[in-house]
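Note sheet for the following structure.
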Amino acid sequence: MAVDFDLIVIGSGPGGYVAAIRASQLGLKTAIVERENLGGICLNWGCIPTKALLKSGEVFEKLSHLGDYGLSVDKPAFDFAKVVERSRGVARQLNGGVGFLMKKHKIEVIEGVASLQKGTTAPRVQIALKAGGTRTVQAGSVIVATGARAKAIPAIGLVGDGDRIWTYRDAMTAKAMPKSLLVIGSGAIGIEFASFYRALGAEVTVIEAMDRILPVEDEEVSATALKAFQKRGLKFRVGARVTGLARSADGVSLTLEAAGKAETLTAERAIVAVGIEANIEGLGLEALGVKIDRGHVVTDSHGGTGVAGLYAIGDVAGPPWLAHKASHEGIHCVEHIAGKAPVKIHSPIPGCTYAQPQVASVGLTEQAARAEGRKVKIGRFPFRVNGKAIASGETEGFVKVLFDDATGALVGAHLIGEGVTEMIQGFVVAMTLEATEAELMATVFAHPTLSEAMHEATLDAYGMVLHI
Ligand code: NAD
């Protein structure tokens, strides 16, 4: 059967564009359809531009305690418009980078909105072209990598209005620095924006329905994060469910319910960060018989949807909603399509929150291990006794590790502190290689580094810690 392409990928986020590159490497004639910007949310409206903002906030915060390092400057200041423009510039640079990669790998970029119809080898893709008109193409396989968007809860006013009630997009392109801010939700998005705006001096209150902030993290990490953020002047309302949000005369007014009591909070602006929902609409998935569960496409271990030739990867295929999970799934899916049996490897997925301090984790939390009835050995090491951390004046936080009691396998690592979003990768490699405490103990860690705390935490789990 003649086809226009071997593979069409719908969506060019970190799932889709990485899948397209791998397909091209494997010799598949590939096209990618994008309705907005190459690079998706990650490069244009998520991971990357927020890291640029957070860096500005971090540098500014450092300036406020230069005296600790024997340094001084006259009155530190910032130009908010320039902070935002730097972040947009970084996003533009990476967006251009994806365009370059598509050309380099001879991947045809089709600008427009795709939908699916019954086809031959796979569903046929109809594209309403940005330039006008439609184009219909048939490929051997189709990967849906359409991602997700900010969740709105209209019934209680949790909907961005592009002015005072912000979604993450508004929050990263604000025209002016707000004096006061309410952040609804203490997941990665809420905490990162709260951290950024607080670093630049806004009065920020984070409202979280669960009984602790960063509720997916280990309880000890949540507790330490809470204290560290409070020390920086962030305010929190945990166990507080937002029941209403609306514009007021000069800002926003929020009602919440905590311990059975209703309360009202006001501020200049609010950020809605109560999760995300998959982009499944308008694709024609239902008509093709694609199974949808809790708002996302149900897939098998290769991304297969059960419909011949149709695959789904990344956010649209369910949690965890992380760029690196999408890329990983994309590569795996394409290798399967190309008939190259992907090597089955245990691949744990790390999670990172780039606030100040940073949070990073992989594998089981202590609470999850307990819930599974799994016996674990736990080790901890605080940065306050790590030489490099003391020399750097960055002693907040700790490393916590969990080993299976019977086998010694590393089953979880939870870190909070300076630079831990880079350090976590050491534990991710160890878990992927199915390392036990023996390999980690035998690993030589460079001195002086913050990473030595990883070694010490491992030693601590077995009663052999050296520097406490
Ligand atoms: P989230 O689901 O992680 O957190 C949302 C929080 O809002 C939850 O803790 C929830 O309890 C709370 N909430 C919901 N309704 C509420 C209400 N009415 N009142 C008070 N609190 C309420 O979602 P997110 O932070 O919006 O992030 C979305 C996804 O994007 C997540 O899966 C996250 O992992 C991912 N992400 C990752 C990064 C990163 O890796 N650094 C950054 C941004 C986003």
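Among the numbered criteria (1) in contact (Cβ under 8 Å) with a residue 60 or more places away in the chain; (2) of a type outside the set (Gly, Ala, Ser); (3) out of contact with any Ser or Thr (no Cβ under 7 Å at 6 or more places or on another chain); (4) not in a loop (DSSP other than H, G, I, E, B), which one does Thr136 miss?
Going through the list (1) in contact (Cβ under 8 Å) with a residue 60 or more places away in the chain; (2) of a type outside the set (Gly, Ala, Ser); (3) out of contact with any Ser or Thr (no Cβ under 7 Å at 6 or more places or on another chain); (4) not in a loop (DSSP other than H, G, I, E, B), Thr136 breaks only (1).
List the pairs whose first member sits in region 14-34 and is open to solvent by less than 20 Å² (accessible area, probe 1.4 Å), whose second member is among the β-branched types (Val, Ile, Thr) and assigned to a helix (DSSP H, G or I), and whose Cβ atoms are under 6 Å apart, counting only residues at least 6 apart or on separate chains?
Ala19/Val334; Ala23/Val334
Report, by residue number, each residue of region 130-147 that is hydrophobic (A, V, I, L, M, F, W, C) and more than 30 Å from the chain's Cα centre (by Cα).
Correct list: Ala131, Val137, Ala139.
Only one of Gly157, Gly147, Gly187, Gly140 is within 15 Å of the ligand (Cβ to nearest atom), open to solvent by less than 40 Å² (accessible area, probe 1.4 Å) and over 23 Å from Trp321 (Cβ atoms). Can you tell me which?
Gly157
Results for (1) within 17 Å of Glu220 (Cα to Cα); (2) open to solvent by 10 Å² or more (accessible area, probe 1.4 Å); (3) of a type in the set (A, V, I, L, M); (4) in a loop (DSSP other than H, G, I, E, B), shown as yes or no for each residue.
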{"site": "Arg380", "(1), (2), (3), (4)": "yes, yes, no, no"}
{"site": "Ala391", "(1), (2), (3), (4)": "no, yes, yes, no"}
{"site": "Val401", "(1), (2), (3), (4)": "yes, no, yes, no"}
{"site": "His414", "(1), (2), (3), (4)": "yes, no, no, no"}
{"site": "Met423", "(1), (2), (3), (4)": "no, yes, yes, no"}
{"site": "Phe427", "(1), (2), (3), (4)": "no, no, no, no"}
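Scan region 160-184 for residues that are away from the ligand (no atom under 12 Å from the Cβ), under 18 Å from the mean Cα position of the chain (by Cα) and over 27 Å from Glu418 (Cα atoms) and report the count.
Final tally of qualifying residues: 1.
Filter region 328-357 down to the residues that are under 16 Å from Val142 (Cα atoms) and in contact (Cβ under 8 Å) with a residue 60 or more places away in the chain and list them by number. Spell out the reasoning first.
Filtering region 328-357 down to residues under 16 Å from Val142 (Cα atoms) leaves 329-339.
Once the filter is applied, which keeps residues that are under 16 Å from Val142 (Cα atoms) and in contact (Cβ under 8 Å) with a residue 60 or more places away in the chain, region 328-357 yields Glu329, Gly330, Ile331, Cys333, Val334, Glu335, Ile337, Ala338.
Out of all the residues in region 38-67, which are over 23 Å from Cys352 (Cβ atoms) and either of a type in the set (A, V, I, L, M) or modelled with pLDDT of 95 or more (or both)? So that I can check it myself, show each step before the final result.
Let us first name the residues in region 38-67 that are over 23 Å from Cys352 (Cβ atoms), namely 38, 63-67.
Matches in region 38-67: Leu38, Leu63, Leu66, Gly67.
Tell me, which residue of region 308-325 that is within 11 Å of the ligand (Cβ to nearest atom) and among the hydrophobic types (A, V, I, L, M, F, W, C) is most open to solvent (accessible area, probe 1.4 Å)?
In this case the residue turns out to be Trp321.
In region 235-280, what residues are within 11 Å of the ligand (Cβ to nearest atom) and charged (D, E, K, R)?
The answer is Arg237, Arg241, Glu257, Glu277.
Return the residue satisfying two criteria in turn: it lies in region 190-234 and is away from the ligand (no atom under 12 Å from the Cβ), within 19 Å of Cys352 (Cβ to Cβ) and small (Gly, Ala, Ser), and of such residues it is most open to solvent (accessible area, probe 1.4 Å).
Here the residue is Ala223.
If we keep just the residues of region 35-73 that are in a helix (DSSP H, G or I), more than 16 Å from the ligand (Cβ to nearest atom) and hydroxyl-bearing (Ser, Thr, Tyr), which is least open to solvent (accessible area, probe 1.4 Å)? Steps first, please.
Initially, region 35-73 is screened for residues in a helix (DSSP H, G or I), giving 40-45, 47-63, 66-69.
After this cut, where a residue has to be more than 16 Å from the ligand (Cβ to nearest atom) as well, the list is 56, 59-63, 66-69.
Cutting the leftovers down to hydroxyl-bearing (Ser, Thr, Tyr) gives us 56, 69.
Details: Ser56: 27, Tyr69: 89 Å².
Within region 35-73, the match that is least open to solvent (accessible area, probe 1.4 Å) is Ser56.
If we keep just the residues of region 169-181 that are touching an Asp or Glu at 6+ places or on another chain (Cβ under 9 Å) and crowded, with 16+ Cβ neighbours inside 10 Å, which is nearest to Val297 (Cα to Cα)?
So the first thing to find is which residues in region 169-181 are touching an Asp or Glu at 6+ places or on another chain (Cβ under 9 Å), and the list is 170, 178-181.
Checking which are crowded, with 16+ Cβ neighbours inside 10 Å leaves us with 170, 178, 180-181.
On the way: Asp170: 28, Pro178: 38, Ser180: 39, Leu181: 35 Å.
Per the criteria, the residue is Asp170.
The values are calculated or read from the model by the stated rules, or taken from the named source; none is laboratory data. Since this is a predicted model, take the numbers as computed values, not measurements. Cβ: placed from backbone, ideal geometry, glycine included. Neighbour counts: every protein chain shown. Calculation scope for accessible area: heavy atoms of the full protein, side chains included, ligands and nucleic acids excluded. Shrake-Rupley method; radii C 1.70, N 1.55, O 1.52, S 1.80 Å.
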